[in-house]
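J.: Okay, here's the structure, questions in a sec.
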Amino acid sequence: MKILVVEDEHLIANALKKGLEQEHYTVDLAFDGLDGYDLASSGDYDIVLLDLMLPKMDGMELCRQIRNQQIHVPILMLTAKSQLEDKIKGLNCGADDYLTKPFAFEELLARIRALGRRPQNTASEILTVGDLSINLSNYEVIRQKKIISLSNKEYSLLECLMRHANKILTKDQLIQRVWSYESDILPNTVEVYIRNLRQKIDKNYKVKLIKTVRGFGYKISE
């Protein structure tokens, strides 16, 4: 399960990341609302832990923006505000649950597990670009009725591109979303994986879907 933590207090954010990773979750961090929105809008996460008081864009507005994009990821709000009115506002703007600081880490884990058990929205289980499709439920990649075998990272890279079909993604954005800024990842690593994907996705087909936009990055489109 991949979790996004949007929290401006670095000590709290890093403590959550450490604790959740010890529970075998994959965790990304954002320290303000704008970065949180950029990451959350990628659609790459299973749960978002969202602080209410954030710089640049507060948690309420970030939650509204995510829901306006028809992104149905479960959102758990974390805040020091315990008034009933604040809880109601958070839930009304699209949050799925609400946890007041300070909280026990075990309670946070229990709420994450509960949100993870909820039925997922199935409207976007299959991503399609041209004659290429990804089934998100069984990880099957098909082009012109032919199943294409990919490594885990190749699949994650292709899924990221297809979630942002027709949009340019920079190397840094791809590293952040696919590798989560692992220390040994360099920009040329993205080039290697893009080349590998092209060999499997485009080489034997007339229409090339994966495109390089020189000076900017990559996109997938018909």
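Nothing in this text is a laboratory measurement; each read-out follows from the coordinates by a stated rule. Remember, it's a predicted structure, so these values are computed and weren't measured experimentally. Here the Cβ is made from the backbone with ideal geometry for all residues, glycine too, and neighbour counts use every protein chain on show.
J.: Describe numerically, in nm with one decimal, the distance between label points set 7 Å from Cα along Cα→Cβ at residue 204 and at residue 11.
T.: Label at residue 204, label at residue 11, 5.8 nm between them.
J.: Also: Roughly what angle does helix 187-201 make with the longest principal axis of the chain, taking Cα atoms, 0 to 90 degrees, to the nearest 10?
T.: In the chain, helix 187-201 runs at an angle near 60 degrees to the longest axis.
J.: For q values of 0.10, 0.17 Å⁻¹, compute log₁₀ I(q)/I(0) with the Debye formula on a Cα-only model of the chain, without solvent.
T.: Each listed q maps to, in turn, -0.49, -1.22.
J.: How far is the Cα center of the stretch 190-205 from the Cα center of the stretch 4-46, in Å?
T.: Between the Cα centres of the stretch 190-205 and the stretch 4-46 lies a distance of 30 Å.
J.: Can you order the peptides 156-164, 99-107, 195-203 by their average number of other Cβ atoms within 10 Å per residue, highest first?
T.: On the way: 156-164: 21.3, 99-107: 11.2, 195-203: 15.4.
Packing proxy ranking, top to bottom: 156-164, 195-203, 99-107.
J.: For the stretch 165-175, take each phi angle, set θ = phi - 60°, evaluate the Karplus expression 6.51 cos²θ - 1.76 cosθ + 1.60, and give the result in whole Hz per residue in order, putting x for glycine and proline.
T.: 3, 6, 10, 7, 10, 6, 4, 4, 5, 5, 4
J.: Cross-link list 2/200; 18/56; 153/219: which exceed 23 angstrom alpha carbon to alpha carbon?
T.: Checking Cα-Cα distances, 2/200; 18/56 exceed 23 Å.
J.: Also: Please give the length that would be gained between residue 38 and residue 64 if that part of the chain were fully extended, namely 0.36 nm times their separation in residues minus their C-alpha to C-alpha distance (nm, one decimal). Can you show the working numbers first?
T.: On the way: separation 26, 0.36 × 26 = 9.36 nm, distance 1.35 nm.
So the extension gain works out to 8.0 nm.
J.: Estimate the FRET efficiency between residue 151 and residue 88 by the formula 1/(1 + (r/R0)^6), using the beta-carbon distance for r and 45 Å for R0, to the nearest 0.05.
T.: After rounding to 0.05, the efficiency reads 0.45.
J.: Taking the mean number of other Cβ atoms within 10 Å as a proxy for protection, how do you rank 29-39, 143-153 from highest to lowest? Let's see the in-between values first.
T.: Details: 29-39: 19.9, 143-153: 12.0.
For the peptides 29-39, 143-153, the packing ranking is 29-39, 143-153.
J.: Shifting gears a bit: What spacing in nm lies between the two simple spin-label points modelled at residue 131 and residue 196, each 7 Å away from Cα in the Cβ direction?
T.: 2.6 nm
J.: I'd like the orientation of helix 59-68 relative to the chain: the angle between its Cα long axis and the longest Cα principal axis, in ° from 0 to 90, rounded to 10.
T.: 40 degrees
J.: Still on this structure: Could you give the length gained by full extension between residue 113 and residue 166, i.e. 0.36 nm per residue of separation minus their alpha carbon distance, to one decimal place?
T.: 15.7 nm
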